[in-house]
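The values are calculated or read from the model by the stated rules, or taken from the named source; none is laboratory data. Here the structure is a predicted model, which is why all the values come from computation and not from measurement. Positions of Cβ are generated from backbone atoms using ideal geometry, with glycine treated the same way; all protein chains shown enter the neighbour counts.
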Amino acid sequence: MAGFLLRRFASYVALSLIATFLAFALAGATFHPLDELRQQNPPPSEAVLAAKAHELGLDQPIPQRFVSWLSGVLSGDFGTTVAGAPVSQELWTRAGVSVRLFLIGAVVGIVLGVLLGVLGAVRQYRFADHAITILSSALLATPVFVLGMLLKQGTLAINQSLGWNLLEFTGEVTPNFSGSFGAELLDRLRHLVLPTLTIALGLVALYSRYQRGAMLDVLGSDYLRTARAKGLTRRQAVLKHGLRTALIPMATPFAFGFGLLITGGVFTERLFNWYGMGDWLVVGISGQDINITATVTLFVGVCVLVSGWLSDLFHVVLDPRIRIR
């Protein structure tokens, strides 16, 4: 099993490097970081532009620039932005914001999605199943920025009716907030609820549909009928045997969904003024900054790498057939 997991890990590392190189090459071939300097009035001399191009490595072939950048990454140096600031200076702050926001949203979405999916399958064609189906379909049809705006408007109405702000929807924390550790934690939680719901509700709708289908396949299986024949109640058979089997095909979307959330959540970050990796990717592309774009791509690749490897580990734990092979 160790060899299997190591081979999978090595394949994910290779795929992450390939994806990062493609992003770096595409950005290097299409971005023109010196355009902003050329538009200054008066424009800088050619000597200044050449010096800046040499500083950014624009006078080197793309493969050579990528190897140089990657060797710096291995020592913790992600290069500099077009403005000359170290990329690593902002990387860890942005990464912490995204991981904190999307990890909580993903966990909430997965747990609720699994529970509702199982409930819908067990109560097939009953009121609960129809209600879950209608709600999930409505959420899937609603764009994330529309869902976020609806949550903001609903919270604004609640705050106005209460006469004080129950929940906040701008930023991670109240500006210039000072207080005890408990008060600061509560303030952060009030800011965290709405963006977390925006992320989680879409995942709940998606995963509940997948989980319902996987659970329905299991409910009619021979081994579940055998478990019932041995004296287990329907609930015991479903929870002890059915749910474990139904979770196996869900491991992959659970794992890879988190990696894609990091950049796919740019609307959520911008809507609620959370300055994470998705927002930073937009900044990098709009500023034609190759190093920022490559760094965000590498970060997402690492998230997918870790998530994919955990998915394989999850499969090994849940499915004895993999261990036997």
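Any idea which residue in the stretch 211-230 is surrounded by the fewest Cβ atoms within 10 Å (Cβ to Cβ), counting only those that are under 20 Å from Leu119 (Cβ atoms) and of a type in the set (S, T, N, Q)? Per the stated criteria, the residue is Ser221. Residue-level check: of (1) of a type in the set (A, V, I, L, M, F, W, C); (2) within 20 Å of Leu281 (Cβ to Cβ); (3) surrounded by 12 or more Cβ atoms within 10 Å (Cβ to Cβ), Ala85 misses just (3). Counting the residues of the stretch 18-54 that are touching a residue at least 12 places away in the same chain (Cβ under 8 Å) and surrounded by 12 or more Cβ atoms within 10 Å (Cβ to Cβ) gives 16.
Residue by residue, here is whether (1) acidic (Asp, Glu); (2) crowded, with 21+ Cβ neighbours inside 10 Å; (3) not assigned by TED's automatic domain parsing to the domain that holds Leu194 holds:
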{"position": "Gly265", "(1), (2), (3)": "no, yes, no"}
{"position": "Tyr275", "(1), (2), (3)": "no, no, no"}
{"position": "Asn291", "(1), (2), (3)": "no, yes, yes"}
{"position": "Thr295", "(1), (2), (3)": "no, yes, yes"}
{"position": "Leu310", "(1), (2), (3)": "no, no, yes"}
{"position": "Val316", "(1), (2), (3)": "no, no, yes"}
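Count of the stretch 67-92 residues, restricted to those that are part of a helix (DSSP H, G or I) and either without any contact (Cβ under 8 Å) to a residue 60 or more places away in the chain or among the charged types (D, E, K, R) (or both), is 10.
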